[in-house]
Amino acid sequence: MQECASKSIEYLFQPLQTRGIAPERLTEGLGVDLDGLRGGRHDWDLHVRLLDRYAELVGGLDELQDAGFAALDAEQMVPVRALAGYMVGLRQLYWMAAHWVGPSYFTHIRYGLEDLPGGQLRFTIEIPESHSPSLPYFWITKGSLRRAPYLLGISELAQVDMQVEGGLAIYSIQPPRSRSLWGAVSRVLGFRTAATRAVEVLAEQQRDLNRR
């Protein structure tokens, strides 16, 4: 089954080039080339092997958080960044990740978001037992969750604690509290435009998923 959007792996190409590593090394011996990955979907087993190879190339799991950071700057994330720029709070942003971005990238994975005491959030990812778990995927996601405040114009990183058991990852998130007054006001004023654009993008995404 073609469960993974190609853009979910394409954002790894630039971080490799930044490290002086040819992106072609990511696919060596895996029966696919970079052109074959672009613009389509691929199965989860291949995705797991690509992420394992990426971890080997960059030097380990801790380094994978850099890929999560870089993902937010990737061209494939332009629609997400456009919508995020009008959001009033981080909870909306993480909600979008759990209910739109994640499910559109990976059709077989379950995502969840809930509130915790003290303003914390719990973000969960569950890979079904019928599919192989992937530590690299969980670490990349941790990097994205930490840097997510930048999409709202907040320079500080979120504090993210991660617990992993098999195919289940639980992230406890403490969002940073700083934010400019003008940034909050401008997002409120632009909310109607953003909401309209969100509906258009979501409808387009749903049509694409239905076709596949």
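The values are calculated or read from the model by the stated rules, or taken from the named source; none is laboratory data. The model shown is predicted, which means the values in this text are computed figures rather than measured ones. FYI the Cβ positions are ideal-geometry reconstructions off the backbone, even for glycines, and counts take in every protein chain you see. Surface areas here come from the heavy atoms of the whole protein model, side chains and all, with no ligands, DNA or RNA. Shrake-Rupley method; radii C 1.70, N 1.55, O 1.52, S 1.80 Å.
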Original post:
Among all residue pairs at least 6 apart or on different chains, which show Cβ distances below 6 Å where the first residue, located in segment 161-178, is hydrophobic (A, V, I, L, M, F, W, C) and the second is modelled with pLDDT of 95 or more and open to solvent by 60 Å² or more (accessible area, probe 1.4 Å)?
Top reply: 168/126; 170/163
Original post:
So which residues in segment 61-77 are at pLDDT 75 or above, open to solvent by 20 Å² or more (accessible area, probe 1.4 Å) and not aromatic (Phe, Trp, Tyr), if there are any at all?
Top reply: 61, 62, 63, 65, 66, 70, 73
Original post:
Restricting attention to segment 1-19, which residues are open to solvent by less than 70 Å² (accessible area, probe 1.4 Å) and under 19 Å from residue 73 (Cβ atoms)?
Top reply: 5, 6, 7, 8, 9, 10, 11, 12, 13, 15, 16
Original post:
Name the residues in segment 33-52 that are open to solvent by less than 40 Å² (accessible area, probe 1.4 Å) and either of a type in the set (A, V, I, L, M, F, W, C) or over 23 Å from residue 109 (Cβ atoms) (or both), would you?
Top reply: 34, 37, 44, 46, 48, 50, 51
Original post:
In segment 111-158, which residues are in contact with a strand residue (DSSP E or B) (Cβ under 6 Å, 6 or more places away or on another chain) and of a type in the set (D, E, K, R)?
Top reply: 114, 122, 126, 142, 146
Original post:
Hey, which of the helices (runs of 4 or more DSSP H) in segment 1-52, taking only ones fully inside, have at least 3 residues that are in contact with a helix residue (DSSP H, G or I) (Cβ under 7 Å, 6 or more places away or on another chain) and touching a residue at least 40 places away in the same chain (Cβ under 8 Å)?
Top reply: 7-10, 13-18
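Rundown of residues vs (1) touching an Asp or Glu at 6+ places or on another chain (Cβ under 6 Å); (2) open to solvent by 20 Å² or more (accessible area, probe 1.4 Å); (3) among the small types (Gly, Ala, Ser); (4) without any contact (Cβ under 8 Å) to a residue 60 or more places away in the chain, yes/no style:
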| site | (1), (2), (3), (4) |
| --- | --- |
| 86 | no, yes, no, no |
| 94 | no, no, no, no |
| 97 | no, yes, yes, yes |
| 104 | no, no, yes, no |
| 116 | no, yes, no, yes |
| 121 | no, no, no, yes |
| 126 | no, yes, no, yes |
| 132 | no, yes, yes, no |
